[in-house]
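Chemist: Here it is, the structure, as structure tokens.
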Amino acid sequence: MRKIQMVDLVSQYEKIKPEIDNAILNVVQSSAYVNGPEVKAFQSELENYLGVKHVIPCANGTDALQVALMALDLEEGDEVITTDFTFAATVEVVGLLKLNSVLVDVEPNTFNISIEAIEKAITPKTKAIIPVHLFGQCANMEAILELAKKHNIKVIEDNAQGIGAQYTFSDGTKAMSGSMGDIGTTSFFPSKNLGCYGDGGAIFTNSDELAEIMRSIVNHGMGKRYYHDRLGVNSRLDSIQAAILRIKLRELDDYAEARRKVADHYDRFFAQYDNIQTPVRESQSTHVFHQYTLKFDELDQFALQAFLGEKEVPAMIYYPVPLHAQEAYTSSDYNEDDFAVTNNLCKTVISLPIHTEMDEEQLNYICQSVQEYLEKN
Ligand SMILES: *Cc1c(COP(=O)(O)O)cnc(C)c1O
């Protein structure tokens, strides 16, 4: 059996090796290493794929979030509502910009931000909501956009885990994840669904005005060259990464399909357990399975993880500590009763290997290994 990995990037590369090698070599020989034609081409291909007017490539998904927030002209102390159950980058940038993050609980089925909790958290100071399309499935965007419109709040979709997912509104309109809010952001970190071979990220918007501001922010706040209109940063996607991403973007839907097949296999196996919740697939959103996460009624996660580790099956706990309880992001304003779901999830979830290169033999072995643990405990 091939060695099981959380993500097998080498096997994936081997399938597209001639194209990738050629693309990298072409960039090296072109000397257009930064903002070259490959970056422009990738930008427009991603615009087409997402059906969004503007894509602004940048250096990573964290910068993408920071630039998005900078573009909204918020003031110190303005409140940004986001989910308690996500990777820390989402909330980190809020604090860096001296805005107040307001963390809220999630839905128990999808683990995505709870609409009820958002509603409760809105105050006159709320200026933005950052839903995260966690583990590859869209948050309830229809309800979020309605709330945002009603209260005049901006929406930034953190789409680092959800690229390629498609959302269907109740009137039947479809939209790609990341293209529905005022701004969408993503990460091309190698292990993401659309990953490059280093760091990378992008920002999406349908607003010409926001696009112009964000293009300037990622480039030191410049409008005209050497005329700095605002405070900016230096955040660029390099040409080699863009060339790689152009090739992988063409594979993205097939990659999602491969991940879905893995999820189907796991779903079928774990359906026999009443005490395990397999990922809930909502009808409004397709699922691109950035992670495959099981939720147990009760679980000693670290014992299961260690047991699997001994059998050379990697497994991860996303996430072991809710953000509101993290030293860096906690606040005395929080009330533990408001985080019933995230407090429970952090103690009962475990994510199994899922990627585009898994075979039956590996999947069967993983399922049997979990079964063995359950029989012994
Ligand atoms: C990975 C990730 C980010 C950060 O992306 P980087 O490219 O690593 O900076 C932000 N938000 C979420 C939800 C992520 O999973």
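Each value in this text was obtained by applying a stated rule to the coordinates, not by laboratory testing. None of the values given here were measured: they were computed from a predicted structure. Neighbour counts are summed over all protein chains in view; Cβ atoms, including those assigned to glycine, are modelled from backbone coordinates with ideal geometry.
Chemist: To the nearest µm²/s, what D does Stokes-Einstein give for the range 3-136 at 4 °C and 1.567 mPa s, using the Kirkwood radius over alpha carbon pairs as Rh? Present the calculation step by step, with values, prior to reporting the outcome.
Modeler: Numbers: Rh = 18.0 Å.
The calculation lands on 72 µm²/s.
Chemist: Moving on. Measure up Lys295/Lys347; Lys53/Lys98; Lys15/Lys174; Lys53/Lys154; Lys15/Lys192 against 21 Å on the Cα-Cα distance and list the ones that go over. Walk me through the numbers on the way to the answer.
Modeler: Details: Lys295/Lys347 9 Å; Lys53/Lys98 30 Å; Lys15/Lys174 32 Å; Lys53/Lys154 18 Å; Lys15/Lys192 18 Å.
Distance filter (> 21 Å) returns Lys53/Lys98; Lys15/Lys174.
Chemist: Multiply the residue separation of Lys3 and Leu96 by 0.36 nm, subtract the distance between their alpha-carbon atoms, and state the gained length in nm to one decimal. List each step's numbers first, then the result.
Modeler: Numbers: separation 93, 0.36 × 93 = 33.48 nm, distance 4.02 nm.
Stretched out fully, the Lys3 to Leu96 stretch lengthens by 29.5 nm.
Chemist: Show me, for the range 255-267, the HN-Hα J-couplings you get by feeding each phi into the Karplus relation (A = 6.51, B = -1.76, C = 1.60, θ = phi - 60°), rounded to Hz, glycine and proline as x.
Modeler: Coupling constants for the range 255-267: 4, 5, 5, 4, 5, 5, 5, 4, 4, 4, 4, 4, 3 Hz.
Chemist: So, one more: When a footprinting reagent is the concern and you count Cβ atoms within 10 Å, what order do Ile122, Ile217 take, fewest first? Numbers along the way, then the final one.
Modeler: Working: Ile122 18, Ile217 25.
Fewest-to-most ranking of Ile122, Ile217: Ile122, Ile217.
Chemist: What list of ³J(HN,Hα) couplings, whole Hz, do you get for the range 118-135 from phi and the Karplus terms 6.51, -1.76, 1.60, once you set θ to phi - 60° and write x for glycine and proline?
Modeler: Per residue, the Karplus-derived 3J(HN,Hα) values read 4, 4, 5, 8, 5, 10, x, 8, 5, 10, 8, 10, 10, x, 10, 7, 5, 6 Hz.
Chemist: Just report the Cα centroid separation between the range 141-177 and the range 328-377, whole Å.
Modeler: First find each Cα centre; the distance between them is then 26 Å.
Chemist: Per DSSP H run of at least 4 residues, take -39500 (n - 2.57); add these up for the chain, divide by its residues and hand me the 222 nm value, nearest 500 deg cm²/dmol.
Modeler: Values: 12 runs with 150 residues, N = 377.
Result for the chain, helices only: -12500 deg cm²/dmol.
Chemist: Indicate, rounded to the nearest 5 percent, the antiparallel portion of the DSSP beta bridges found entirely in the chain. Please report the intermediate quantities before stating the final value.
Modeler: On the way: 25 of 40 bridges.
Roughly 60 percent of the DSSP beta bridges within the chain come out antiparallel.
Chemist: If you don't mind, there's one more thing I want to ask. Going 7 Å from the Cα of Asn152 in the Cα-to-Cβ direction, what parts of the range 88-123 have a backbone nitrogen less than 14 Å from that spot?
Modeler: Counting backbone N atoms under 14 Å from the label point, the list is 123.
Chemist: Related question: Apply the Karplus curve 6.51 cos²θ - 1.76 cosθ + 1.60, θ = phi - 60°, to the phi angles in the range 22-34 and return the couplings in whole Hz, x for Gly and Pro.
Modeler: 5, 5, 5, 4, 4, 5, 4, 6, 7, 6, 8, 7, 10
Chemist: Could you order peptides 259-269, 286-296, 44-54 by the average number of other Cβ atoms within 10 Å of their residues, highest first? It would help to have the intermediate numbers written out before the result.
Modeler: Details: 259-269: 17.7, 286-296: 22.2, 44-54: 16.2.
Going by the mean number of other Cβ atoms within 10 Å, highest first, we get 286-296, 259-269, 44-54.
Chemist: Based only on the alpha carbon positions, what is the Kirkwood hydrodynamic radius of the chain, in angstrom? Present the calculation step by step, with values, prior to reporting the outcome.
Modeler: On the way: mean 1/r = 0.0467 Å⁻¹.
About 21.4 Å for the chain.
Chemist: Just need the relative contact order of the chain here, percent rounded to a whole number, with Cα pairs under 8 Å and 6+ apart. Don't skip to the answer; put the middle values down first.
Modeler: Numbers: 754 pairs, mean separation 81.2, N = 377.
In percent, rounded to a whole number, it is 22.
Chemist: I've got another one for you. Spin-label point model (7 Å from Cα, Cβ direction): what's the Glu312 to Asp274 distance in nm?
Modeler: 3.7 nm
Chemist: Each label point is 7 Å from the Cα along the Cα-to-Cβ direction; what then is the distance between the points at Val34 and Asp264, in nm?
Modeler: With each label point 7 Å from Cα toward Cβ, the separation is 4.6 nm.
Chemist: With a point put 7 Å past each Cα toward its Cβ, work out how far Asp359 is from Val233 in nm, to one decimal.
Modeler: 4.2 nm
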